[in-house]
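So the structure is just underneath, and the comments pick up after that.
Every read-out reported here was derived from the displayed coordinates using simple, explicitly stated rules and does not represent laboratory data. What you see is a predicted model, and the numbers here were worked out from it, not measured in a lab.
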Ligand SMILES: [Zn+2]
């Protein structure tokens, strides 16, 4: 240290400056080495991790719903539009004229109908509908009958003009002529069933008497002739009716609401 203290002042300064400069250069290169060796490690690992992680959840859950939605939605949309078109074309009066004693009736809207029960079993089972205004009265009537051991079953309720057309054509084949068929079944556009206020009934305990004159000899018919009126129902075609339609003991109509009564009164008064 003696040697250093004897050196001139300027040399001392230079010596210190050189040592500091070497230190700075060494330190700088070391830092560069560390930083450059770390960066590639991070750069290599992070992108591979993020790409593999994001690729899987994106592709799988999106692929599943997009593959299912088109196959399920298209048939539903098609059937919905077909139904709307059907009701539009069917909801028409096909005639204002009386046909073989049957008054003309417009087909009511399907949206006004409510399920009242089913008829037959297995492959023959079908579901029957009535106008919502008549449903509660019908249910009350069948429950009242059940309490005294009478089992009333709906055979046929609301019918479209298209359904009536099929029934009537089958009847023509059986009876031989339109006139003969009309004594048993109303021509399309002339059935009280189009209104949703009329229905055919049978006795659950005498299934062989469905839609036959033999229904007249059942407990259900006898009970109906006494009590149906209390619930707003009446026989449409009693024996020797003014319309001249054959006696139909099974065919009843609801006249217990203002709308229902008006539908049948208008049909009568228009003639
Ligand atoms: Zn009927």
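Bin all alpha-carbon pair distances of the range 149-224 at 5 Å intervals from 0 and give each bin's fraction as a whole percent.
That works out to 3, 16, 21, 20, 20, 14, 5, 1, 0, in percent per bin.
Based on a Kirkwood Rh over C-alpha pairs, give the Stokes-Einstein translational diffusion coefficient of the range 95-269 at 20 °C and viscosity 1.002 mPa s in µm²/s.
The Stokes-Einstein estimate is 131 µm²/s.
Full extension from residue 269 to residue 257: what is 0.36 nm times the residue separation minus their Cα-Cα distance, to one decimal in nm?
Contour length minus Cα-Cα distance gives 2.5 nm.
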